[in-house]
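Trainee: Next up is a structure, given as structure tokens.
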Amino acid sequence: MARISGEPDAPVTVAVSRHVIPGREAAFAEWAQGVSADAARFPGHLGAGHIRPARTDDEHTIVYRFDTREHFDAWQDSEERRRWMEASRDLIVGEPRVQMATGLEYWFTDPSCAVGPAPKVWKQALLTWLGLYPTVLVVAYTVGVLVAGWPLPARSIVTTALSVALMTWVVMPFVTRVFRGFLRPGATRA
């Protein structure tokens with residue numbers, strides 16, 4: 001896998017798609033669970049997920065997130081990962097398809113679309129605002145009210161941390177799916 005360019009301290013998201021040999025899906029699901037569990041033991045691991053294919057497809061996608069490129073590289077270069085990749089050879093057909101993103105661009109990564117150019121920056125900015133505005137309002141009127149008596153720096157830490165978490169794992173995945181056609185007009189489904 002190629003090295004990632006970009007900011008060394010930016011989060012890294014990697015989506016690796018593999019075509020599973022028909023009849024080997026259960027073994028691949030076990031493999032995916034095992035490789036994800038081993039990746040989770042590495043410093044900076046933020047999560048992993050296994051996206052199973054639609055009924056008519058054989059492509060499975062595993063998404064990994066690490067807090068920095070250094071931590072991602074440690075997993076990438078590890079003996080554990082090398083063993084897992086060797087173990088996958090009798091489960092897959094062909095070479096994996098890899099998509100990588102650093103920083104906030106991963107908010108706009110859609111593993112169900114074929115690889116293509118990133119969405120235009122103005123579209124990313126517009127949809128980030130569309131997701132951020134209601135998120136900030138909800139946090140302000142719920143958690144913000146609960147911590148209203150706290151000093152401003154403490155309130156800000158709590159409300160911004162919660163807003164970023166909601167944007168990362170709830171809001172932007174939803175916005176990206178809903179506005180798929182707007183972000184990448186004409187993109188084909190992978």
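The values are calculated or read from the model by the stated rules, or taken from the named source; none is laboratory data. As the structure is a computational prediction, the values presented were derived from the model and not from experiment. Using ideal geometry, Cβ is built from the backbone for each residue, glycine included, and neighbour counts are taken over all protein chains shown.
Trainee: Residue under question is S36, and the condition is that it be at pLDDT 85 or above, under 23 Å from W169 (Cα atoms) and surrounded by 14 or more Cβ atoms within 10 Å (Cβ to Cβ); does it hold?
Mentor: yes
Trainee: Continuing with the same structure: Could you say which residue among H71, H50 is within 11 Å of the chain's Cα centre (by Cα) and not acidic (D, E)? First the steps, then the outcome.
Mentor: On the way: H71 fails: within 11 Å of the chain's Cα centre (by Cα).
Exactly one residue qualifies, and that residue is H50.
Trainee: Which ones in segment 25-46 are more than 20 Å from P96 (Cα to Cα) and not aromatic (F, W, Y)?
Mentor: Answer for segment 25-46, where residues must be more than 20 Å from P96 (Cα to Cα) and not aromatic (F, W, Y): A40, R41, P43, G44, H45, L46.
Trainee: Would you call A74 small (G, A, S), closer than 22 Å to V175 by Cβ and modelled with pLDDT of 80 or more?
Mentor: So A74 fails the test.
Trainee: Shifting gears a bit: Can you name the number of the only condition in (1) within 25 Å of P173 (Cα to Cα); (2) modelled with pLDDT of 90 or more; (3) over 16 Å from the mean Cα position of the chain (by Cα) that E59 fails?
Mentor: Every listed condition holds for E59 apart from (2).
Trainee: On the basis of being at pLDDT 85 or above and hydrophobic (A, V, I, L, M, F, W, C), does V16 make the cut? Explain how you work it out, then say what you get.
Mentor: On the way: at pLDDT 85 or above: yes; hydrophobic (A, V, I, L, M, F, W, C): yes.
Yes.
Trainee: For R82, state whether it is farther than 24 Å from A165 by Cβ, at pLDDT 85 or above and out of contact with any His (no Cβ under 6 Å at 6 or more places or on another chain). Outline the logic, then answer.
Mentor: Values: farther than 24 Å from A165 by Cβ: yes; at pLDDT 85 or above: yes; out of contact with any His (no Cβ under 6 Å at 6 or more places or on another chain): yes.
In short, yes.
Trainee: To continue, here is another question. If we keep just the residues of segment 131-190 that are outside any helix (DSSP H, G or I) and without any contact (Cβ under 8 Å) to a residue 12 or more places away in the chain, which is farthest from the chain's Cα centre (by Cα)?
Mentor: Among those residues, the one meeting the criterion is G149.
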